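The values are calculated or read from the model by the stated rules, or taken from the named source; none is laboratory data. Computed from a prediction, not measured in an experiment: that's the story for all the values here. In this analysis, Cβ positions are derived from the backbone assuming ideal geometry, glycine residues included, and neighbour counts consider all displayed protein chains.
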């Protein structure tokens with residue numbers, strides 16, 4: 001490791017990738033919120049098309065996804081705020097956010113995965129989320145730039 005001082009007046013390096021990830025993740029959760037709100041209004045049609053034995057499970061699924069989308073949209077903005085304030089709590093909040101997101105996605109897959117005809121796609125998305133979470137958490141824990149940037 002070099003003793004080179006990192007310029008913390010500007011966000012740079014891999015922190016730009018973290019910033020983009022937070023923004024894209026927030027946009028994704030807003031998209032989910034819109035999608036499941038729309039689907040909630042069309043649930044009767046979906047129940048008839050899929051011939052579900054227990055249509056109440058579809059209601060539970062829609063409300064679960066709506067609640068998760070609301071919570072994670074809000075949390076994405078909170079994490080984004082702490083990122084730009086360069087607050088020392090950002091690495092911890094980002095870690096909690098990422099782990100919570102993987103847990104919620106995993107629970108959704110376990111509880112409601114059988115409702116989907118594209119289980120393989122859901123599994124791939126969950127695996128990708130786990131890998132990205134691990135990489136970002138390792139970066140947040142090991143990076144000198146992170147340690148020097150988030151000190152306020």
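Listed values, structure above:
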{"quantity": "Residue 78 vs. criteria on the phi < 0 side of the Ramachandran plot, modelled with pLDDT of 95 or more and in contact with a helix residue (DSSP H, G or I) (Cβ under 9 Å, 6 or more places away or on another chain)", "calculated": "yes"}
{"quantity": "Inter-residue pairs, beta-carbon under 6 Å, first at pLDDT below 60 and in region 1-24, second surrounded by 12 or more Cβ atoms within 10 Å (Cβ to Cβ) and in a helix (DSSP H, G or I), 6+ apart", "calculated": "6/145; 6/148; 8/148; 8/149"}
{"quantity": "Sole residue being touching a helix residue (DSSP H, G or I) at 6+ places or on another chain (Cβ under 7 Å), modelled with pLDDT under 80, surrounded by 14 or more Cβ atoms within 10 Å (Cβ to Cβ) and in a helix (DSSP H, G or I), chosen from 39, 46", "calculated": "46"}
{"quantity": "Total residues in region 135-146, condition touching a helix residue (DSSP H, G or I) at 6+ places or on another chain (Cβ under 9 Å) and surrounded by fewer than 15 Cβ atoms within 10 Å (Cβ to Cβ)", "calculated": "1"}
{"quantity": "Residue 131 exposed (fewer than 13 other Cβ atoms within 10 Å of the Cβ) and closer than 16 Å to residue 25 by Cβ", "calculated": "yes"}
{"quantity": "Meets criteria (under 24 Å from residue 134 (Cβ atoms) and modelled with pLDDT of 95 or more) for residue 107", "calculated": "no"}
